[in-house]
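Okay, so here's the structure we're looking at.
What follows is calculated from the coordinates using simple rules that are stated; it is not laboratory data. Computed from a prediction, not measured in an experiment: that's the story for all the values here. Positions of Cβ are generated from backbone atoms using ideal geometry, with glycine treated the same way; all protein chains shown enter the neighbour counts.
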Amino acid sequence: MFCAGLTVSAQEKKKRDSVTVRDFIPKAIRVGGDVVALVRSQYEDSYSGWEMNAEVDIHRYILAFETGNWQLDLNSEDGLYANKGTYFRIGADVNFIPRNPQGNILFLGARYGRSIFSESLTTMVSDPVWGDQEVQYNTDDANGRWFEVTGGLRVRLWKIVWLGYTARYKFGLATNGTDTMEPHDVPGYGTNDSEKDSTWGFSYLVMIRLPLR
């Protein structure tokens, strides 16, 4: 009797752990937005932007797409700097708690980011002959690309309402169409620091989960 029980238990465990074709049919999609971008837009005078997110659950994997808009206006002793542009990220995550009854997700993943933007800089330059003059530099139709390593959490708050966060390690930034001046800030990536080849980012998300099967 004891041996029979062990056999049944082992068969049930094997059935739970086995992977079938059905497991790779998308089971749900989550859509939402980044609260951090909205809070920054409300309380930070120099920044305006938004970000939307979409995720598809496939077995232990999450296909992710993120897009947003970013505008920055900085006024300092060196002059006036402004940029604006749109960006997107695409990638995938791996869920490390796939058997959670609530469907909660703890993940690691990767992203490829792409940005199209324009920027301008108005500053004063000193000339020994003509004296101080105001000069403006403009860059139109510039673009940037980078990679991200991501990690984070998604938890069910109430019925179809979910909360979560994504931490981002961004690296490998490359830009084109920036012959006029080196870009100071790339929408979706952040400050382009010549002394650092990477940066960090954080998103806090409110999402709606829509079951597909």
Please report Rg (one decimal) and Dmax (integer) in Å for the Cα set of the chain. 23.4, 102
Determine ³J(HN,Hα), in whole Hz, for all residues of the range 188-198 in sequence, where each value follows from phi through the Karplus function 6.51 cos²θ - 1.76 cosθ + 1.60 and θ = phi - 60°; x replaces Gly and Pro. x, 9, x, 5, 8, 9, 5, 8, 10, 10, 7
Name the residue farthest towards the positive end of the dipole of the range 81-130 from the options 83, 107, 122, assuming +1 on Cβ of Lys and Arg, -1 on Cβ of Asp and Glu, about the Cα centre. 107
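Which of 84, 159 comes first, and how do the rest follow, when ranked by fewest Cβ neighbours within 10 Å?
On the way: 84 16, 159 8.
Lowest count first: 159, 84.
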By what distance, in whole Å, do the Cα atoms of the range 100-158 stretch along each of the three principal axes, largest value first? 75, 22, 17
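Rounded to the nearest 500, what is the 222 nm mean residue ellipticity of the chain from helices alone, with -39500 (n - 2.57) per DSSP H run of 4+ residues and division by all residues? Before the final figure, lay out each step's value.
Working: 2 runs with 25 residues, N = 213.
Helices in the chain give a 222 nm mean residue ellipticity of -3500 deg cm²/dmol.
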Nearest 10 degrees, 0 to 90: helix 2-17 Cα axis against the chain principal axis: 30 degrees
Please check the chain for the longest run free of chymotrypsin sites (Phe, Trp or Tyr not before Pro) that are loop-located per DSSP (anything but H, G, I, E, B) and have at most 16 other Cβ atoms within 10 Å. 1-95
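Counting only pairs 8 or more residues apart or on different chains, how many lysine pairs in the chain have their Cα atoms under 27 Å apart? Don't skip to the end; give the middle numbers.
Values: 13/27; 14/27; 15/27; 27/159; 84/170; 84/196; 170/196.
Count of close lysine pairs: 7.
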Would you please classify the overall shape of the range 136-180 from the alpha carbon gyration tensor, given that a ≥ b ≥ c denote the square roots of the eigenvalues, rounded means a/c under 1.5, and beyond that prolate means a/b larger than b/c while oblate covers the rest? prolate
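Using the C-alpha gyration tensor of the range 132-213, what are the square roots of 5 times its eigenvalues, in whole angstrom, with the largest one first?
Ellipsoid half-lengths, sorted descending, are 37, 14, 12 Å.
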Give me the distance between the Cα centres of the range 100-114 and the range 144-182, rounded to whole Å. 12 Å
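Projected area of the range 57-134, taken from the Cα convex hull and averaged over every viewing direction, in nm²?
Details: hull surface 32.2 nm².
Mean orientational projected area (the range 57-134, Cα hull): 8.0 nm².
Using unit Cβ charges (K, R positive; D, E negative) and no other charged atoms, how large, in debye to the nearest 20, is the dipole of the chain about its Cα centre?
Values: 23 positive and 27 negative charges, 550 e Å.
For the chain, the charge dipole is close to 2640 debye.
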